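See below for the structure under consideration.
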Amino acid sequence: MNLKNLVLYGAGNRGKMLIQLMDLCNLPITAVVDSNTSLWGQKIGNHIIESPDILRGREKADICITAVSSLAIGEIKKRLKGEYKIEFNDVSYLELIMALYEKIDIDSLRHSQHLSANPIKAGKVSVIFDCAYGLVLGGVEEWTKGICSEFLRQGEYTPYILTNYGDYSIPDELTNNILRVDVDKDAPFSIHNISQIMNCIEAYLPCILVTSKPEDALLAGKLLRKKYGDAIKVISGIRGGSDEIYQNYIDMRFCTDLYTCVSSDIRKNMILRGTDPGKIFTMICPITCPDELLRDYAEDSDRPIRLGYAGRLTVEQKRMDLMIRLISDLEDRNVNYDLEFAGEGDYAPVLQDFIIQNNCQNKIRLIGKIENNRIPQFWQTKDICINLADYEGRSRSIAESMANGAIPVVTATSGVNDDIVDGENGYIVEIGDYKAVADHVSHLDRNRDKLPQMGKAAYSELKAKSSMEDHYRFWQNMIAIVTGGAANAD
């Protein structure tokens, strides 16, 4: 990577880490800028944080935007092109990180706790699932616990979960299969984090490392593979279906031996971006389904039709701002509805204020985050699942709603076409089209006989995909491929 005039835009945690790594490699930084006026004049190492105004009048520059949020990155690019009118080479943060670690002698900087020149052991292969930033209550984390428990039951491989020192709910059978690692979420790709993860994994070679995000563990796996060759293989699980996520995995493509995607849409999009079709597979994550669907529906038009949402209460990705517009539309149409939000997020106060201002307390409730074991009960008391997200992977919340007989009325995010047949077991609308969601809710309100018909069809679709035994066989197949054994084609 030949950069002669590099400007770093953003002096947050990612920016600080990049500066430290560049200084370690003795690579020049032309300027560090940030839109936050309170940071101007402060220093990171020997670099003074300046106003982006210094970019005015420049003809060309190599600019690395270090922000995390895709919305923030989009706004910065718009400002650079529109307000500053600067021609710039958009330098990928992750590609830059990869290039820096090619220059860094990580073994000379980390203090390995394993003195053996060859730590590779005979016996069962370890399968290490990465949750290094925390085993919190979430879709990836619940899946990780479930598949690890199945690996233990099968006894063919030794599974572990790599996580930090937080206090988490861990099933009893997995107590001895948790690998604790001292990582700092606020120091992404730091020498400390990478070293800690490498030290931990090194003790369990040979292994298959399974990651779920393009983060520290994925890079650590690449560095260990460079040192130990085939003693470690890396499988990247792609959980999200946005352009930003696709690009992150493309930027880190040299870290991965094999990809698993939670939807066929993600697989197609990664192939379009140059991924070898023979190295990327679609994984249907099992969802717990009741053996029988024993529930009722609001078939009587005198009863409110029951709507539900479960997930983060945020604008970015989840579009809670559109949820407010949807509610207003339902009110204008005089739809007889009841709506519960299960989840937390920074938009919760805005939603609550809206509910109070519009006197909707009797029909809309924010019940906060619910425990995993209460999710089936939540959805079994809902007729319809609403999701207005801009992007998903394969939404676990939508799948859980269908598994419990709720009808999905959702935007056309990645994965929905794998489970929903539009008009038969749910409805799919264009991204951002909350009015179409209101149309379908209003239609179901007027045609209550469709609720049990479509709800049972939704349940049947998920019931057919809920075998953990089938899911384990999928992982046997992936391990066979990545280790050079025979396998079935995707």
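The values are calculated or read from the model by the stated rules, or taken from the named source; none is laboratory data. These figures come from a predicted structure and were not determined experimentally. Cβ: placed from backbone, ideal geometry, glycine included. Neighbour counts: every protein chain shown. In case anyone asks, the SASA skips ligands and DNA or RNA and just uses the protein heavy atoms, side chains included. Shrake-Rupley method; radii C 1.70, N 1.55, O 1.52, S 1.80 Å.
Does Ile327 satisfy the condition of being at pLDDT below 95 and under 21 Å from Pro408 (Cα atoms)?
no
Test Ile386 against the stated conditions and say whether it is modelled with pLDDT of 95 or more, open to solvent by 30 Å² or more (accessible area, probe 1.4 Å) and outside any helix (DSSP H, G or I).
no
Name the pairs whose Cβ atoms lie under 6 Å apart, with the first residue in the range 339-358 and on the phi > 0 side of the Ramachandran plot, the second open to solvent by less than 10 Å² (accessible area, probe 1.4 Å), and 6 or more positions between them or separate chains?
Here the result reads Gly343/Leu313; Gly345/Leu313, each pair linking the range 339-358 to a residue that is open to solvent by less than 10 Å² (accessible area, probe 1.4 Å).
May I ask you to say which residue of Ile305, Ile355 is out of contact with any helix residue (DSSP H, G or I) (no Cβ under 6 Å at 6 or more places or on another chain) and either more than 20 Å from Gly139 (Cβ to Cβ) or open to solvent by 50 Å² or more (accessible area, probe 1.4 Å) (or both)?
Ile355
Which ones in the range 1-31 are part of a helix (DSSP H, G or I) and basic (Lys, Arg)?
Within the range 1-31, Arg14, Lys16 meet the criteria.
Listed residues Met17, Met22; which is open to solvent by less than 30 Å² (accessible area, probe 1.4 Å) and out of contact with any Ser or Thr (no Cβ under 7 Å at 6 or more places or on another chain)?
Every option except Met22 fails the conditions.
Which condition does Phe281 not pass, out of (1) under 23 Å from Asn359 (Cβ atoms); (2) crowded, with 18+ Cβ neighbours inside 10 Å; (3) touching a Phe, Trp or Tyr at 6+ places or on another chain (Cβ under 9 Å); (4) touching a residue at least 40 places away in the same chain (Cβ under 8 Å), if it passes all the others?
(1)
Sort through Leu205, Leu272 and tell me the only one that's within 23 Å of Thr413 (Cβ to Cβ) and more than 20 Å from the chain's Cα centre (by Cα).
Answer to the selection: Leu272.
Residue under question is Glu75, and the condition is that it be within 24 Å of the chain's Cα centre (by Cα), open to solvent by 50 Å² or more (accessible area, probe 1.4 Å) and within 25 Å of Asp243 (Cα to Cα); does it hold?
It is true that Glu75 is within 24 Å of the chain's Cα centre (by Cα), open to solvent by 50 Å² or more (accessible area, probe 1.4 Å) and within 25 Å of Asp243 (Cα to Cα).
Here is a list: Ser466, Ser401. Which entry is touching a helix residue (DSSP H, G or I) at 6+ places or on another chain (Cβ under 8 Å), open to solvent by 10 Å² or more (accessible area, probe 1.4 Å) and touching a residue at least 12 places away in the same chain (Cβ under 8 Å)?
The match here is Ser466.
Determine if the range 60-72 includes at least one residue that is of a type outside the set (Gly, Ala, Ser), more than 26 Å from Asp105 (Cα to Cα), under 26 Å from the mean Cα position of the chain (by Cα) and open to solvent by 60 Å² or more (accessible area, probe 1.4 Å).
So far as the range 60-72 goes, yes, one or more of its residues are of a type outside the set (Gly, Ala, Ser), more than 26 Å from Asp105 (Cα to Cα), under 26 Å from the mean Cα position of the chain (by Cα) and open to solvent by 60 Å² or more (accessible area, probe 1.4 Å).
Only one of (1) in a helix (DSSP H, G or I); (2) surrounded by fewer than 22 Cβ atoms within 10 Å (Cβ to Cβ) fails for Gly484. Which number is that?
With respect to (1) in a helix (DSSP H, G or I); (2) surrounded by fewer than 22 Cβ atoms within 10 Å (Cβ to Cβ), Gly484 is out only on (1).
Can you tell me which of Ala220, Ala231 is touching a Cys at 6+ places or on another chain (Cβ under 8 Å) and not basic (Lys, Arg)?
Sole residue among the options that is touching a Cys at 6+ places or on another chain (Cβ under 8 Å) and not basic (Lys, Arg): Ala231.
Does Ala436 satisfy the criteria of being touching a strand residue (DSSP E or B) at 6+ places or on another chain (Cβ under 9 Å), touching a residue at least 24 places away in the same chain (Cβ under 8 Å), within 30 Å of Asp302 (Cβ to Cβ) and small (Gly, Ala, Ser)?
No; evaluated as a whole, the condition is false for this residue.
Within the range 421-459, how many residues turn out to be among the aromatic types (Phe, Trp, Tyr) and either open to solvent by 30 Å² or more (accessible area, probe 1.4 Å) or not in a strand (DSSP E or B) (or both)?
Qualifying residue count for the region: 2.
Each row is one residue, and each column tells you yes or no for (1) among the aliphatic types (A, V, I, L, M); (2) touching a Lys or Arg at 6+ places or on another chain (Cβ under 6 Å); (3) surrounded by fewer than 22 Cβ atoms within 10 Å (Cβ to Cβ).
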site	(1), (2), (3)
Tyr297	no, no, no
Glu316	no, no, yes
Arg325	no, no, yes
Asp338	no, yes, yes
Ala342	yes, no, yes
Val350	yes, no, yes
Asn359	no, no, yes
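One line per residue, one yes/no per condition, for (1) farther than 19 Å from Val140 by Cα; (2) in contact with a strand residue (DSSP E or B) (Cβ under 8 Å, 6 or more places away or on another chain):
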{"position": "Gly393", "(1), (2)": "no, yes"}
{"position": "Ile407", "(1), (2)": "yes, yes"}
{"position": "Glu430", "(1), (2)": "yes, yes"}
{"position": "Gln453", "(1), (2)": "yes, no"}
{"position": "Ala464", "(1), (2)": "yes, no"}
{"position": "Glu469", "(1), (2)": "no, no"}
{"position": "Thr483", "(1), (2)": "yes, yes"}
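Go through the residues of the range 407-415 one by one and say whether even a single one is in contact with a Pro (Cβ under 7 Å, 6 or more places away or on another chain), within 30 Å of Met270 (Cβ to Cβ) and hydroxyl-bearing (Ser, Thr, Tyr).
No, because not a single residue in the range 407-415 is in contact with a Pro (Cβ under 7 Å, 6 or more places away or on another chain), within 30 Å of Met270 (Cβ to Cβ) and hydroxyl-bearing (Ser, Thr, Tyr).
When you check Thr314 against the structure, is it under 25 Å from Lys145 (Cβ atoms), β-branched (Val, Ile, Thr) and touching a strand residue (DSSP E or B) at 6+ places or on another chain (Cβ under 6 Å), yes or no?
no
For the range 143-191, name all the residues that are in contact with a Ser or Thr (Cβ under 6 Å, 6 or more places away or on another chain) and touching a residue at least 60 places away in the same chain (Cβ under 8 Å).
Correct list: empty.
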